[in-house]
Each structure stands twice: as structure tokens, then as C-alpha cells.
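> Have a look at this one.
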Amino acid sequence: MYSVFRNLAIIMLTAKFFGLVARKCKAPQVVGEIIAGLLIGPCLLNLVHISDTISVFAEIGVVLLMFSTGLGTNLKELMRAGPIATLIACVGVAVPLVGGTLLYSVFYGFSAVGSPEFYRALFIGTIMTATSVSITVATLQELGHLKSFLGTTIVSAAVIDDVIGIVVLTCVLGASSGTGTGLGKVLFNTVLFFATAIGVGLIVHFAMKWLDKRNPHTQRITIVSMVFCFAMAYIAEEYFGIADITGAYIAGIVLCSMDDASYVERRVDISNYVVFAPVFFASIGLKTDISGLTPSILLFSVCFVIVALITKIIGCGLAAKICRFSWEDSLKVGVGMMTRGEVALIVAQKGLEVGVVDPVYFTAVILLIVVSSVATPLVLKLLFTKHPPKPHPSQAEA
């Protein structure tokens with residue numbers, strides 16, 4: 001049990017050290033923290049292994065990160081970005097789904113629609129649909145563009161992408177098993193969750209505004225806010241099958257208009273910055289193990305990564321262009337949406353449980369997560385430095 005303290009000490013020390021090195025090299029800190037995980041994990045030095053405790057710390061980190069993002073959201077810009085984000089998410093799911101299916105078919109042969117091999121190919125595409133916004137959020141926050149219209153659009157699209165991804169996963173699993181059961185329930189639960197979130201959100205919103213006026217700038221405001229965050233994360237995952245980070249993000253949005261929203265955001269950021277967030281980003285590297293690679297799997301994994309990144313950029317970027325973003329900002333949207341994380345691992349695990357995907361393909365998923373997690377912050381910083389965001393036409397109209 002006490003080994004967890006040793007592991008946390010190593011993770012926090014190396015993550016912060018490499019984070020500072022990355023900043024000195026003019027790269028986002030999250031890149032250094034992920035590299036730290038690769039260095040101390042099974043991939044290189046083998047000092048620390050992923051464990052249940054480390055996983056819990058990492059999950060708390062990503063939940064608090066999304067809660068903080070919700071707290072810092074401009075509600076008016078979120079309402080304006082909603083329809084745009086929905087279109088970006090839909091196209092951003094469809095293009096990788098087709099791309100992944102074609103990739104598997106090219107490697108292992110095209111099969112008749114409805115055959116087991118066809119569903120294997122379709123499931124590879126399903127894995128590619130997943131988007132993890134946490135890396136992008138941390139990068140945009142560091143660059144100072146998280147609260148912009150462009151940043152709000154990317155975060156909103158990624159959250160909607162998660163919901164669509166759950167529906168796609170259920171469709172594919174139901175069709176591959178020949179039953180088709182569960183899809184109606186998932187759609188119903190998704191609608192019910194957002195209806196519940198609106199109802200509960202209105203009550204909590206007014207209650208917190210009343211509490212905030214009576215106890216401004218006090219610890220109890222922060223404590224009650226975090227209780228609501230964790231409660232929404234639990235309710236979303238446990239009762240509705242929606243990702244916990246979606247529940248945390250919505251909890252932040254519910255509280256973003258109270259007077260002390262920025263105060264709570266700063267307090268949450270302190271604890272997350274010191275402990276939980278570094279553990280989350282380092283855990284991505286810790287999960288990487290390249291010992292089981294063969295030449296054929298390596299080739300497939302490299303192609304898998306290339307197709308997954310390109311299809312997200314093309315799908316989300318073109319959708320953004322249709323929504324009247326400039327070419328530069330459309331590229332930023334595509335790059336911001338190309339990160340993969342725990343959602344891709346969860347999708348792959350579900351496929352493994354029902355026999356639609358083999359364990360050997362986890363190497364490709366891990367490689368995708370690592371490459372996208374390192375490449376996305378670097379490319380985003382380059383794009384934002386060379387091409388600052390331009391006002392969207394809807395902002396001019398407003």
C-alpha cells in the first residue's frame with residue numbers, strides 16, 4: 001500500500017521537471033508531463049506501473065480539469081457555438097468511422113456487409129471516433145484561448161462527440177451481436193440525462209447564487225461546488241452511461257454565471273495543478289508498453305495512427321469551414337479534436353469483452369493516444385502563434 005506514495009513522488013517530481021523543461025523549450029507543459037510518464041513507465045526505465053490508485057488520481061485530475069473548463073465558460077458564447085459544435089462533432093465522428101473501416105479492410109480484406117469480419121473493420125473505425133478533450137483544454141488554457149469562441153467551440157464539440165460516440169458504440173456492438181438491443185435505451189438515457197441536468201442545474205444554479213451572496217469568497221462555496229462536480233460526474237456515469245467528464249463539464253457550466261465562479265475556478269486549479277493533473281498526463285505514458293510489438297502490428301499501428309489523426313482533422317476542419325470559420329481556425333478545430341485518451345481505451349475494452357476486437361490492437365490504440373497527446377499541443381501552439389484566431393461571423397452579428 002505504501003508504495004503508492006513512492007510512485008506519486010516519482011510521478012510528481014518527473015512530471016513537473018519535464019513540464020518546466022517543455023516550457024523552457026517553448027512547448028506546452030502537458031507534453032513534458034506525458035514524456036515523463038513514458039520515461040518512468042514500462043516503456044523505458046520501468047520505475048512506476050499504472051495501478052488502481054494512480055488510475056483514480058488520474059480520473060480525478062481529468063474530472064477537475066473539465067469542471068474547471070465549465071466554470072470558465074462564457075455562457076453566451078457557448079449558446080452561440082452549440083449548433084456549430086454539433087455539426088463539427090457529427091462530421092468528426094462520421095469521417096474517422098469510415099476511414100478506420102476502410103483501413104482494416106485494406107489490411108485484412110474487404111468482407112460482406114453483416115459478416116463478422118465486416119464488424120471487426122467497423123469496430124476499428126469506432127475506436128477512431130473517440131475524442132479526448134483534456135489535452136486540448138490544458139493547452140488552450142496555457143495559451144490563453146480556452147475562453148475564446150474558438151476554444152468554446154472545440155470543447156463543446158468534443159463533449160458532444162463523446163455522446164455521439166456512445167451511441168455509435170452501442171449501434172456497432174448491438175449489430176455485431178445480431179440483437180440490436182440497447183440502442184433505444186442509450187438514446188433514451190442520453191436525452192434523460194440532459195433533461196435531468198437542465199432541471200437539477202436550474203435548482204442548483206439559483207441555490208448557489210443565493211449561497212454565494214450570503215458567503216462570498218469563502219471555502220464553503222468551493223467545497224459545495226466540488227461536491228456538485230463529483231456528484232454530477234457520478235450520476236452521469238452510473239445512472240445514464242454518459243462519460244463522467246461530461247457530467248463534470250456540465251456541473252461547471254451550471255455554476256459559471258455565479259459571482260464567485262472565477263474564485264472557485266482558481267481554487268480548483270490549485271489542487272489540480274499540484275497533484276491530480278500531472279498524474280493524469282503522466283498516466284498516459286505509464287500505460288504505454290511496446291514489448292509485444294511485431295513488424296506487421298507495428299505497420300498496422302502506424303497506419304492506424306496516421307488515418308485516425310488525418311480523418312479527425314479533415315472531418316472536423318471541413319465542418320468548421322462550412323460553419324464559416326477561416327481556413328486557419330478550421331485547421332485549429334481539426335487539430336484540437338484529434339486527441340484521443342481514455343475514451344478510446346474504453347471503446348477498445350468494450351470490443352474486447354464481446355470479441356469484436358483482438359487484444360493485439362491495443363498497441364495501436366496506445367500508440368494513437370501517445371502520439372496525438374504529444375503532437376496536438378505542439379501543433380496547436382504553432383498554429384496559434386503564427387495565426388491568432390479571427391472573429392467568427394456570428395460574433396460580428398452579435
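> Looking at the square roots a ≥ b ≥ c of the eigenvalues of the Cα gyration tensor of region 1-144, which shape do they give, rounded for a/c under 1.5, prolate if a/b is larger than b/c, or oblate?
Numbers: a/c = 2.27, a/b = 1.32, b/c = 1.72.
Because a/c hits 1.5 or more and a/b fails to exceed b/c, region 1-144 counts as oblate.
> Mind listing which chymotrypsin sites (Phe, Trp or Tyr not before Pro) in region 1-66 are in a DSSP loop and have 16 or fewer other Cβ atoms within 10 Å? Walk me through the numbers before you get to the answer.
Values: sites: TYR2, PHE5, PHE17, PHE18, PHE57; in loops: TYR2.
Here the sparse-neighbourhood loop sites are TYR2.
> Starting from the residue with the highest accessible area, list ILE235, ILE40 in decreasing order, probe 1.4 Å.
Working: ILE235 60, ILE40 0 Å².
Descending order: ILE235, ILE40.
> Let me ask something additional. Going toward the positive end of the dipole of the chain, with +1 on Lys and Arg Cβ and -1 on Asp and Glu Cβ, which of ALA197, VAL360, ILE35 do you reach last?
ILE35
> Between ILE306 and LYS390, what's the calculated FRET efficiency when r is the beta-carbon distance and R0 is 22 Å? Round to 0.05.
It comes out at approximately 0.15.
> Turning to a different aspect of this structure: Set Lys and Arg Cβ to +1 and Asp and Glu Cβ to -1, take the dipole of the chain about its Cα centre, and tell me which of ILE250, THR288, ASN74 lies farthest positive.
Checked the options; the winner is ASN74.
> A further question on this structure: Can you compute 3J(HN,Hα) from phi for each residue in region 145-154, using the Karplus curve 6.51 cos²θ - 1.76 cosθ + 1.60 with θ = phi - 60°, rounded to whole Hz and x for Gly and Pro?
Whole-Hz 3J(HN,Hα) from phi for region 145-154: 10, 5, 8, 6, 4, 5, x, 4, 4, 4.
> On to the next question. Using the Kirkwood radius over C-alpha pairs as Rh, can you work out the diffusion coefficient of the chain via Stokes-Einstein at 25 °C, viscosity 0.890 mPa s, in µm² per second? Could you put the intermediate results ahead of the total?
On the way: Rh = 21.5 Å.
Rounded to a whole number, D works out at 114 µm²/s.
> Further question: Taking R0 as 41 Å, what FRET efficiency do you get between THR53 and LYS209 from their Cβ-Cβ distance, rounded to the nearest 0.05? Please list the in-between numbers first.
Numbers: r = 37 Å, r/R0 = 0.90.
That pair, THR53 with LYS209, gives E of 0.65.
> Pairs of alpha-carbon atoms within less than 8 angstrom and 6+ residues apart define the contacts here; what relative contact order does region 207-324 have, in percent? All intermediate terms of the calculation are to be shown ahead of the outcome.
Values: 51 pairs, mean separation 22.6, N = 118.
Once divided by the residue count of region 207-324, the mean separation gives 19 percent.
> Could you work out what % of the accessible surface of the chain is carbon and sulfur, using a 1.4 angstrom probe and leaving DNA, RNA and ligands out of the count? It would help to have the intermediate numbers written out before the result.
Numbers: 12130 of 17190 Å².
C and S fraction of accessible area: 71 percent.
> Same structure again: Need the list of lysines near LYS381 for cross-linking: C-alpha distance under 22 angstrom, and skip anything on the same chain fewer than eight residues off.
LYS16, LYS24, LYS26, LYS147, LYS312, LYS321, LYS332, LYS390
> Another question, if that's okay. Return a whole-number percent for the relative contact order of the chain, with Cα pairs under 8 Å and 6 or more residues apart as the contact set. Please list the in-between numbers first.
Working: 625 pairs, mean separation 116.5, N = 398.
Rounded, it is 29 percent for the chain.
> Could you check the simple spin-label distance between SER271 and TYR108, using points 7 Å along Cα→Cβ, in nm with one decimal?
4.4
> Follow-up. According to the square roots a ≥ b ≥ c of the eigenvalues of the Cα gyration tensor, what is the shape class of region 63-126, taking rounded for a/c under 1.5, prolate for a/b larger than b/c otherwise, and oblate for the remainder? All intermediate terms of the calculation are to be shown ahead of the outcome.
On the way: a/c = 4.58, a/b = 2.75, b/c = 1.67.
Because a/c hits 1.5 or more and a/b exceeds b/c, region 63-126 counts as prolate.
> For CYS316, CYS25, CYS323, give the ranking by accessible area with the largest first, probe 1.4 Å.
Working: CYS316 0, CYS25 100, CYS323 20 Å².
From most exposed to least exposed: CYS25, CYS323, CYS316.
> Also, I was wondering about something else. Can you tell me the accessible area per residue over the chain, all protein chains present, probe 1.4 angstrom, in square angstrom? Each step should come with its number before you reach the end.
Details: 17190 Å² over 398 residues.
Result: 43 Å² of accessible area for each residue.
> Residue-wise, which Karplus ³J(HN,Hα) couplings in Hz belong to region 311-316, taking 6.51 cos²θ - 1.76 cosθ + 1.60, θ = phi - 60°, and x for glycine or proline?
5, 5, 4, 5, x, 6
> Can you classify region 1-43 as rounded, prolate or oblate using the Cα gyration tensor, where a ≥ b ≥ c are the square roots of its eigenvalues, rounded means a/c under 1.5, and otherwise it's prolate if a/b beats b/c and oblate if not? Working shown, then result.
Details: a/c = 3.84, a/b = 2.10, b/c = 1.83.
Verdict is prolate for region 1-43.
> With contacts defined as alpha carbon pairs under 8 Å and 6 or more residues apart, what's the relative contact order of region 238-391 in percent?
Values: 101 pairs, mean separation 40.3, N = 154.
Answer for region 238-391 is 26 percent.
> Continuing with this model, one more query. For the chain, give the magnitude of the charge dipole about the Cα centre (Cβ charges: +1 Lys/Arg, -1 Asp/Glu; no others), in debye to the nearest 20. Kindly include the intermediate steps, with their values, before the conclusion.
Details: 26 positive and 23 negative charges, 188 e Å.
Its charge dipole is roughly 900 debye.
> While we're on this one: Can you tell me the order of 128-135, 303-310, 142-149, 60-67 when each peptide is scored by its average per-residue count of other Cβ atoms within 10 angstrom, highest first?
Working: 128-135: 28.9, 303-310: 20.5, 142-149: 17.9, 60-67: 26.2.
For the peptides 128-135, 303-310, 142-149, 60-67, the packing ranking is 128-135, 60-67, 303-310, 142-149.
> While we're on this one: Would you rank LEU87, LEU382 by solvent-accessible area, highest first, keeping every protein chain in place and using a 1.4 Å probe?
Numbers: LEU87 65, LEU382 100 Å².
Per-residue accessible area, sorted high to low, gives LEU382, LEU87.
The values are calculated or read from the model by the stated rules, or taken from the named source; none is laboratory data. What you see is a predicted model; the values in this text were computed from it and never measured. Every residue, glycine as well, gets a Cβ built from its backbone with ideal geometry; the counts of neighbours run over all protein chains shown. These accessible areas exclude ligands, DNA and RNA; they are computed on the full protein's heavy atoms, side chains included. Shrake-Rupley method; radii C 1.70, N 1.55, O 1.52, S 1.80 Å.
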